[in-house]
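Structure first, then comments.
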Amino acid sequence: MKAGFAKIDITPRVGVELCGFGPFRNRHSIGVRDQLWARAMAVSDGGMTVVILSCDLIGVTLDITHAVRHLVEEQTGVSPEAIMVHCTHTHSGPATAAIIGWGDADMPYMELLPRRLAQACIDAVAALQPAEFAHAAAPCEGIGYNRQHDQRPSLEDALSPDWRPQQPERTDTVCHAIRIDSPETGQTIGFLSYFGCHPVVCCAETRYIHGDYAGVATNLIEADFPGSVGLFLQGAQGDVNTCVVHHPEPESLNALDVIALRYAENVRCGLRNAVAFDPEPLNCELRKATFTREKHSICELRSMLDEKEATLRRDGASDEDTDVRMAMVYAHALRTLIARMEAGTYADPVTELQGMRLGPISFLASPFETFQQIKNDVVAQAASPVTLVMGITNDCLGYAPDTETAESGGYAAKQVPFMLGELPFAEVHRELAESLLGLAESLQT
């Protein structure tokens, strides 16, 4: 078994608009606090090669993923279904996902991005060398809280070393660490860390480019192993925020280092205590998937549009008003949906689910910001000894809320789909859990 690692700088130039924290913020970057990276791991058993790419980005579209795969296959021969394009979901990077009002994409940056991402994969394949693998699940608390069920802690409480969320069982309480060493030199050539929590330590007023706690922590750990490359894999973070979020910029940037160090220390513990495992068999599978959307008639959508346009046209309406800007997001989405329906071109979007198996460890990836309960359901029923449910992979379709959240409506279930120009999901908890379990079963054969 061989493994190879590589990374490419994907930091945009200063001035590009950043993605996150609200509609039409005009949140243009003013400096680079930390570089953004595309980090890749290639693994080969001599017959099959798989590549996992982790990018310090909010997300990518399926078109970008397909472009990356085409370039990598062209240069290396690695099959497209064996290439996974994953994002950490930082809210302090460029606008690379198609979210209405959440930052305009910079056209030159987007034009060059697929080639940069592909190069990290190509370089990782070229770096393949004999490798030994070790894994650990390490305690990891004091990072996030469940924003659906807990109150956001005060800044003072959150920065206390002994802070813990009110309901830790509704968050990840362990992180997974995978260490890959060279048997010839005994040196660590790369590592993976897996954890589920939104990278939102900062706020709408923060305009510095960085990879949030995931990127900062990975940089710190890489420094422990000179020459190594570390991939952060984002888990089920749909309903989990970092314990510090939405505070003013000075407090946010200070908290960023505190939370990143907490996470890094937990991963370091895992890497130190990792136990060797056999990474064979190596397996992968890519499936197209469609998730059922709510059914709305053109008349119903027109009624919703009338309501949003009334907000936009009211006396004294100002673009300083968040409600006005959010109404614009809805209006744009509804106008587009109505036009597609009238033209007879509307269909539920097709996306991808992808799975990879590395011996006892299964990586199950979807394009969603998955809620914890969905992850818990999958892990409880999957046959693999270690099941890592990953989100924000290959595409970006917003939230996959659990059934309880979906029934209550609100931001995750109702608003975000329109931000992406689509209708809300009808049964995404059941459909996603069943699909991921089917993928997990297939990987075991």
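What follows is calculated from the coordinates using simple rules that are stated; it is not laboratory data. Bear in mind that the values here come from a model prediction, so they are computed numbers and not experimental data. FYI the Cβ positions are ideal-geometry reconstructions off the backbone, even for glycines, and counts take in every protein chain you see.
Quick notes
- Residues whose placed amide H lies under 5 Å from that of residue 390, excluding near-sequence neighbours: 364, 365, 366
- Once the Cβ-Cβ distance of residue 2 and residue 444 is raised to the sixth power relative to R0 = 22 Å, the FRET efficiency obtained is 0.45.
- Degrees, to the nearest 10: 322-343 long Cα axis against longest axis of the chain: 90 degrees
- Difference of contour (0.36 nm per residue) and Cα-Cα distance, residue 323 to residue 249: 24.3 nm
- Highest-first arrangement of 303-315, 354-366, where packing means the average Cβ count within 10 Å: 354-366, 303-315
- On full extension, the segment bounded by residue 300 and residue 174 gains 40.9 nm, given 0.36 nm per residue less the C-alpha separation.
- Near residue 381: Cβ cut-off under 14 Å, other residues only, Lys/Arg at +1 and Asp/Glu at -1. The net charge is -1.
- Highest mean packing first, where packing is the average number of other Cβ atoms within 10 Å per residue, the peptides 233-242, 93-102 line up as 233-242, 93-102.
- Full extension of the chain between residue 13 and residue 314 yields a length gain of 104.5 nm, computed as 0.36 nm times the residue separation minus the alpha carbon distance.
- Rounded, prolate or oblate (a/c below 1.5 giving rounded, otherwise prolate when a/b exceeds b/c) for the stretch 180-324 by Cα gyration tensor: oblate
- In this structure, the amide hydrogen of residue 289, modeled 1.01 Å from its nitrogen in the peptide plane, lies closer than 5 angstrom to those of 351, 352, 353, counting only residues at least 5 positions away or on a different chain.
- Near residue 135, once Lys and Arg are set to +1 and Asp and Glu to -1 for all other residues with Cβ below 15 Å from its Cβ, the sum equals 0.
- Cα→Cβ-extended label distance, 7 Å offset, between residue 157 and residue 258, nm: 1.4 nm
- Looking at the chain, the DSSP beta bridges with both ends there are about 75 percent antiparallel.
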